[in-house]
């Protein structure tokens, strides 16, 4: 994807608002979103994203990373099957995605942030 000046302006304004409210950078620009932005994917900062956008963003990055780490550190040496690893990583990713999406929704309300469309 190419750089969209409107998206970049809104993203920078959102980050400015969140920094002004004293939010931690890790809450409004977590590594998975920075990675997506560097790939050119136009996803709003987590507190400004919709619940399901946050769910899929966090789950899509977390699931394969966590699954690979667990496979090489624990499961492979324990003789677990690939199916077990895939299912367990999928469940963990689902739970992590739901938890992070709920946390970001709460952060938005706690900091009284405007809607993404209003920026």
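Taken together, the values in this text are just the output of simple stated rules run on the coordinates, not laboratory data. This is a predicted model, so every value here is computed, not measured. Glycine also receives a Cβ, built like all others from the backbone with ideal geometry; neighbour counts cover every protein chain displayed.
Key figures
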read-out	value
On Cα atoms only, tilt of 51-70 relative to the major axis of the chain in degrees	30
Förster radius 22 Å - calculated FRET efficiency between residue 77 and residue 56, Cβ distance, rounded to 0.05	0.10
Kirkwood estimate for the range 5-118, i.e. one over the average of 1/r between Cα atoms, Å	15.2
Estimated translational D of the range 68-113 in µm²/s (Stokes, Kirkwood radius over Cα pairs; 37 °C; 0.692 mPa s)	265
Computed lengthening from residue 95 to residue 34, 0.36 nm per intervening residue step minus Cα-Cα distance	19.8 nm
